[in-house]
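Visitor: Mind looking over this structure? Questions follow.
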Amino acid sequence: MSHLGYAALMDSFQATIDADGRIEPRDAMPDGYRKTLIRQIAQHAHSEIIGMQPEGNWISRAPSLRRKAILMAKVQDEAGHGLYLYAAAETLGVDRADLLDMLHTGRQKYSSIFNYPTLTWADIGAIGWLVDGAAIVNQVPLCRCSYGPYARAMVRVCKEESFHQRQGFEILHTLCNGTEGQKAMAQDALDRWWWPSLMMFGPPDASSTHSEQSMAWGIKRHSNDELRQRFVDMTVPQADVLGLRVPDDGLVYDESTGHYSFTEPDYTELYAVVKGNGPCNEKRLAHRVKAHEDGAWVREAAAAYAAKQQEAVA
Ligand code: 3HC
């Protein structure tokens, strides 16, 4: 392609971004835009499937048949989210087998939050309420992401996350209205999950490597700190409804701004977890690799079936 042709294509990309339009798979896009999307969507997809583990751990121990059925549906939804997201990444010219390989060999990341253990049933409530709550705050703006396939995948994901968030809140609401021991279990879960949930939003804006460019491209619509603030403002009144105490002595509502001031999480912990040194990193990755290896026969059978179908049509 001539230099002039390339420049015209990039102008057309920029005009679409400036007009807040959508970039579609066949549109021209700068290499950096494509790479950023592949990185973010893959990391997001990996988070969805690794995120099945902490909750999957409780399916056999859910306290009633109703809770078990709901939890199974929820964990299954996360697998579905992974599927939509890997499919969205593939529209950018990558192969999901390669993305999985990068996850399994530690060359791509997944969310820090899934490297913490689920010690009690209340943790399942806390994950739904806080982790899926944080996911909604982070992902609703992604429904307006400039890349069409990612934005469209996020619409359905967010609807399901909203159900997940409410089921988590309902678990905690039940515990908080139960015995003293159950309420203490709910408080303990909030104490352990509060700080890692704040970390999910990523490093503070001043240390965020990608935010500025991703916002200029309309991939991210808000900075990490803006979304973290939004999450705190939304969640603290919900903790009050539950009768639980957010474990932050620095939490104060500021009438003049309409926002809570809060203590920042310990970002050295976030960086350590992201580097692989969280409480469950090794276990999560080992389990994922084993599940992938154990599932090889399913992929082979599906490929053989697809090939036969193809032959039948030819
Ligand atoms: N965990 C792991 N890595 C993180 C992280 C976290 N919580 N937050 C940031 N990072 C990484 C980034 O990937 C980046 O690393 P890289 O350059 O090696 O790729 C580095 O830290 C610097 O951070 P930036 O702020 O510059 O990175 P981003 O601009 O990509 O912002 C993000 C980070 C806000 C997480 C953004 O990528 C995003 O919005 N992603 C989409 C949503 C997502 O992936 N959510 C994960 C949770 S999914 C989930 O919760 C599912 C559920 O069902 C509950």
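The values are calculated or read from the model by the stated rules, or taken from the named source; none is laboratory data. This is a predicted model, so every value here is computed, not measured. Cβ sites come from the backbone with ideal geometry, for glycine too, and all protein chains shown count toward neighbours. Please note that ligands, DNA and RNA were not included when accessible areas were found on the heavy atoms of the full protein model with its side chains. Shrake-Rupley method; radii C 1.70, N 1.55, O 1.52, S 1.80 Å.
Visitor: Mind counting the residues in segment 198-232 that are small (G, A, S) and either near the ligand (Cβ under 9 Å from one of its atoms) or modelled with pLDDT under 95 (or both)?
Guide: Residues meeting the conditions: 6.
Visitor: For segment 113-125, give me each residue that is among the aliphatic types (A, V, I, L, M), away from the ligand (no atom under 15 Å from the Cβ) and either in contact with a His (Cβ under 8 Å, 6 or more places away or on another chain) or assigned to a helix (DSSP H, G or I) (or both). Lay out the reasoning, then the answer.
Guide: Taking segment 113-125 and keeping what is among the aliphatic types (A, V, I, L, M), we get 113, 119, 122, 124.
Cutting the leftovers down to away from the ligand (no atom under 15 Å from the Cβ) gives us 119, 122.
A122, the sole residue that qualifies.
Visitor: Pairs please, first residue from segment 155-180 and within 14 Å of the ligand (Cβ to nearest atom), second anywhere and in a loop (DSSP other than H, G, I, E, B), Cβ atoms under 6 Å, 6+ apart in sequence or on different chains.
Guide: Pairs that qualify, where the first residue is within 14 Å of the ligand (Cβ to nearest atom) and the partner is in a loop (DSSP other than H, G, I, E, B), are C158/V140.
Visitor: Considering (1) in contact with a Cys (Cβ under 8 Å, 6 or more places away or on another chain); (2) within 15 Å of the ligand (Cβ to nearest atom), say which one A135 fails and leave the rest.
Guide: (1)
Visitor: I'd like the full set of residues that are open to solvent by 10 Å² or more (accessible area, probe 1.4 Å) and within 10 Å of the chain's Cα centre (by Cα), limited to segment 113-131.
Guide: If the condition is that a residue be open to solvent by 10 Å² or more (accessible area, probe 1.4 Å) and within 10 Å of the chain's Cα centre (by Cα), then F114 is the only one that fits.
Visitor: Sticking with this structure for a sec: Does at least one position in segment 189-197 carry a residue that is away from the ligand (no atom under 15 Å from the Cβ), surrounded by fewer than 19 Cβ atoms within 10 Å (Cβ to Cβ), under 30 Å from P63 (Cβ atoms) and free of Cβ contacts under 8 Å to residues at least 24 places away in the same chain?
Guide: There is no residue in segment 189-197 that is away from the ligand (no atom under 15 Å from the Cβ), surrounded by fewer than 19 Cβ atoms within 10 Å (Cβ to Cβ), under 30 Å from P63 (Cβ atoms) and free of Cβ contacts under 8 Å to residues at least 24 places away in the same chain.
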